[in-house]
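The next block holds one structure in the form of structure tokens; read it before the comments.
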Amino acid sequence: MSRSVGLHDRPLAEYSHAVTEGARRIGVIGVATVIAVGLVCVGSTPGSARQPAIGSVVASEHAERAGNVYQVPVAPGRVTIVADSVLSGISAHGELDRLVGTRWDVRMEPCRRLVSPSCTYGRGTAAPTVLEELQAIARAGGATGTDDVLLIATGHNDSDSRLRDEVGAIMQASQRAGFERVAWTLYRDQADASLPVLTQSLFAVYGRMNAVLRAEASSGRWPLVVLEYGEFTRGQPEWFTADGIHLTREGAVHLADWLSWVIRYDHTPALRP
């Protein structure tokens, strides 16, 4: 069945390709590297030498920047992160080893969508959707322990009009796959006149998506918490390429460290549990 394609239905990579040469370069790097990575298990453990040392000053700074962050205790479980091209910049820039504090099951693919078929920008086949990844996990035996966490960092190629139904589908699939906790990174949505017009249009969509996710997390229907990615990155343009969405290397470093901090409740006591 054919349908009209709106602004939020087109692949995010297409916008990055159209904004500036800098954005095009990171798009190519991200696609090439993430395709090579595909599925990676990062074997860092609680107490790892790479675990970031968080003092009270740093914790307070990140608490202020991150806003209302709900932390998820996952000791000694595993975090399965399912990402699209945005947080996949952590992989594209070679910073996966900064994901520490627990074991990380890293599933990063460009052009990934939540439930609707993924786009195919820069590759011959579409990435598995988040729903398909969860179905594959369930077929393989499901989450390995009750402390395992599903971390969703996907949605930049999706529609706000379908999100509520898709959250329900994904949460049900996550339960079938054995996950008792799900965390979802919200999207950058701050208005900034310096950003490209296309990005500003996307940010309006992401703002509506954030409202849906916050409502679903506070509804009590699901074991869902939201991570305030947008608040954490506010005022940090150097963390992003010219499109204001994809990560630079500096951004990849900060975002990998941030995920390690907020996903482990005992690292940053200044953040609210």
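For a label point 7 angstrom out from the Cα of Ala215 toward its Cβ, which stretches of the stretch 149-178 have the backbone nitrogen within less than 15 Å? Under 15 Å, as judged by backbone N against the label point of Ala215, lie 160-168 of the stretch 149-178.
Here the accessible area of the stretch 187-268 is 55 percent carbon and sulfur, with a 1.4 angstrom probe and all protein chains present.
Over the Cα atoms of the stretch 143-182, the radius of gyration divided by the Kirkwood radius equals 1.03; this is the Rg/Rh ratio.
Taking every Cα-Cα distance in the stretch 145-273 and sorting them into 5 Å bins starting at zero, the pair-distance distribution P(r) comes out as 2, 10, 19, 21, 20, 16, 9, 3, 1, 0 percent. Here, the stretch 79-141 has an Rg and a Dmax of 12.4, 35 Å when only alpha carbons are counted. If R0 equals 35 Å, the separation of the Cβ atoms of Gln135 and Val253 corresponds to a calculated FRET efficiency of about 0.60.
The values are calculated or read from the model by the stated rules, or taken from the named source; none is laboratory data. Keep in mind that what you see is a predicted model, and the values were worked out from it rather than measured. Quick reminder, even Gly has a Cβ in these numbers, built from the backbone with ideal geometry, and neighbours come from all protein chains shown. We work out accessible area using only protein heavy atoms, side chains counted, and drop any ligands, DNA or RNA first. Shrake-Rupley method; radii C 1.70, N 1.55, O 1.52, S 1.80 Å.
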